[in-house]
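Here is the structure we will look at, set down as structure tokens.
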Amino acid sequence: MPDRLKAKAIGRAVVEPYRELTVAGVVLGIVQGVIINIAFAYVALKIGFGIGGSTVAAIMGYALLTGVMRRGTSVENNINQTIASGINVSGAGVVFTLPALFMLNAAWSAEGKSPIEFDALPLFIGGVAGAILGTVLIIPLRKQMIEMDRLRFPSGIAVTTIIRSGRAGIEKAKLLAIGVAVSALWKMVLISGWIDVPGLIEEEILYFGFGVIPIYLAPMIGLSVLNAAAGMLTGKGGLPMLFGGILAWWVIAPASVFSGWTPEDFPVTADQRTALDEQAAHQDVSLERLLAERRQSLTKDFLYGKVLRPTGIGVLIGGALMGVIVCFPAIVNAFRSLAGAARTAGAGGEAEEMPLRGIAAGTGLGMILLFVAAAMTEGVSLPQAFLAAVIGVLWLAVAGLIVSQAAGMTDISPISGMALISVTIMMFLLNGNVAGAMVVGVAVCVAIGQSADMMQDLKTGHMLGARPIKQQLVQFAFPWIGAVTAIGLVYILWQSGPGGQGGFGEGTRLPAPQGGALMGIISAVQSGNVPVDKYLMGSIIGALLGAAPAPGLGVLIGLSMYLPFYMSLGYGIGCLIHIFLRKTKGPLFCQHKLVPFAAGLIVGEALTGVGYAAYEIIGAAMETTSA
């Protein structure tokens, strides 16, 4: 190359800024964030807990920014995954809380009670407020948590490894795509009902009772790959979910039956006996067999509704509260971090961080939006709205600190337990106004998740040499999209049910376990029929488990007791697959092969499920229009 051309190339390299905050990175982050948010919100409604989207976003970011555009840099990909994960995690705060409002309204309407009056707009505004507050309130702690305390943030380190993986990123993208294709095809097979066999395979569940083992004891596993894929991503850290399911259905359930805690028989009406007679004649089986199966099925429903579910809710609450107590030193350190951040703010570092005036403006904007959302809700007075906004911001700041510290030390973010506590607090503040509590609760839960995600992403940026202010700006600007998208998705999925109502909840393909747990607490408080003994016993168990060295043990066990057994069992099998492959193939195989393939399985099934729900809604609307 002539000297003149060499000089020109060198001059261009010096003048052109290094690619970091680019239009390509921002647009890709938004598009990926919306897609991942839709998929993983569906996952949370299915299995009861959220999954981070940074891994998927980082893999696809490398494939598109570097593989296709051939100009991408590691810090540009970091901006992409920061936006995508911020949008995704906002959806978790929504799907852990809002579904309870829909299910509760439907249950009350069925009982002849007055329905809950609520509108979408306050929920949207509350979600936006939470996304803003969760970001700005945690920013002052970045230097202390990441640079001084050097918290580990395991997920942040894992994403850093993916972004640095070079050409391996293309191979991971291919495995991700294969996983998407496989799970999408399998989901369509399940939806079609081609493999349904009465008594063996029904509603995407495979039963192993063989007519011999009682229904409440029979092993069963979901044929959906989603549960197992989630376990494959988690590995041994998710085994408490399996142990909790075994404890609930193979220890507590039979002990309850043998101890006489369940009814010995269930009455049969004349109409029910006639229907059973007809069924026996049609299937050529004895009436006695059908009556026995009915007793077993009702015994299982009783065990779940009256024993396991309330006990599981108690364990969730006890585990969450003990988590707060165990994290008390982290709370102290967090406030010390805040003081340290204030002392070092003027040490020439402001150019690298969002300015304090920006943080103050964001906090003020979020609080105003939260007040407006609460005030717009039916039955909430202006003084109540002001109190809810002030207490809500104070609580989400403390909860965000707790969850961020927990994520930094253990990679466990107890957002689900915090969701239960947050809505319960708001119920008392607003004198039992369910809609108002839910609006503020959505904001608080979105904010809590956003705080932990912000720190995870900043850890990745710190290791990659990115400028913190650029990540802070994009996470301030875009995650509200995730809250709005998730709220819209909840509305769409609910309308996909029979008659346009009940597309998720108990007895559907999307049981919404966290929403169901929250619904159970609200219903009990409203009716005055609180199963105090079950809640108390569960809380004691959860508190003891929460004090164990294993982080998040109480919350995981409580959730597994609340989940249907086929979901806990499927998830546990996925965990065992990860453990087996890690032992036989090594950790690098799991990191580079299993993780992207399992992530693809989750995304493919989730997007197919959402797409089919939208197809059903459109089809029903067209039939109504033509009629």
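List of remarks:
- Cut-off 12 Å between beta-carbons: net charge of the residues surrounding ALA512, Lys and Arg +1, Asp and Glu -1: +1
- Contour excess over end-to-end distance, with Cα ends at ILE157 and ALA361 and 0.36 nm allotted per residue: 70.3 nm
- For MET322, MET463, the sequence from fewest to most other C-beta atoms within 10 Å is MET463, MET322.
- Here the contact order of segment 410-498, divided by its residue count and restricted to Cα pairs under 8 Å and six or more residues apart, works out to 20 percent.
- Residue exposure sequence - ASP301, ASP277, ASP453 - by fewest surrounding Cβ within 10 Å: ASP277, ASP301, ASP453
- Under 5 Å between amide hydrogens, built in the peptide plane, is the criterion, and for ILE205 it picks out LEU223 among residues at least 5 positions away or on other chains.
- Between the C-alpha center of segment 441-468 and that of segment 91-120 there is a gap of 30 Å.
- Of LEU64, LEU98, GLY48, farthest towards positive along the dipole that unit charges on Lys, Arg, Asp, Glu beta carbons give segment 15-137: LEU64
- Burial ranking of peptide ranges 517-525, 64-72 (average Cβ count within 10 Å, highest at the top): 517-525, 64-72
- Within the same chain, lysines fewer than 8 places from LYS113 are excluded, and of the rest, those with a Cα less than 30 Å from its Cα are LYS46, LYS300, LYS306, LYS534.
- A simple rule links phi to the HN-Hα coupling: the Karplus curve 6.51 cos²θ - 1.76 cosθ + 1.60 with θ = phi - 60°, which for segment 576-590 gives 5, 4, 4, 4, 5, 5, 5, 6, 8, 9, x, x, 5, 4, 5 Hz, with x for Gly and Pro.
- Counting other Cβ atoms within 10 Å as a rough exposure proxy, the listed residues TYR491, TYR42 run TYR491, TYR42 from fewest neighbours to most.
- Here segment 581-619 and segment 473-547 have alpha carbon centers that stand 23 Å from each other.
- Protection proxy ranking, peptides 394-401, 30-37, 224-231, average beta carbon neighbours within 10 Å, highest first: 224-231, 30-37, 394-401
- Neighbours of PHE589 by Cβ distance under 11 Å: Lys/Arg scored +1, Asp/Glu scored -1, total +4.
- Per-residue 3J(HN,Hα) values for segment 221-234, derived from phi via the Karplus relation 6.51 cos²θ - 1.76 cosθ + 1.60 with θ = phi - 60°, read 9, x, 7, 4, 7, 4, 4, 5, 5, 4, x, 4, 6, 8 Hz in sequence order (x marks Gly and Pro).
- Each of ILE252, PRO240, LEU298 was placed along the dipole of segment 221-310 (beta-carbon charges, centred on the mean Cα), and the one lying farthest toward the positive end is PRO240.
- Pairwise centroid distance, computed over Cα atoms, of segment 216-243 with segment 249-278, Å: 27
- For VAL75, the shell of other residues with beta-carbons less than 9 Å away shows a net charge of +1, using +1 for Lys and Arg and -1 for Asp and Glu.
- Rounded to the nearest 20 debye, the dipole magnitude of segment 464-599 is 680 debye, with +1 charges on Lys and Arg beta carbons, -1 on Asp and Glu beta carbons, and the Cα centre as origin.
We did not get these values from a lab; they are worked out from the coordinates using the rules stated. Since the model is a prediction, treat every value here as computed from it, not as a measurement. Heads up, the Cβs are rebuilt from the backbone with ideal geometry, glycines too, and the neighbour counts pull from every protein chain shown.
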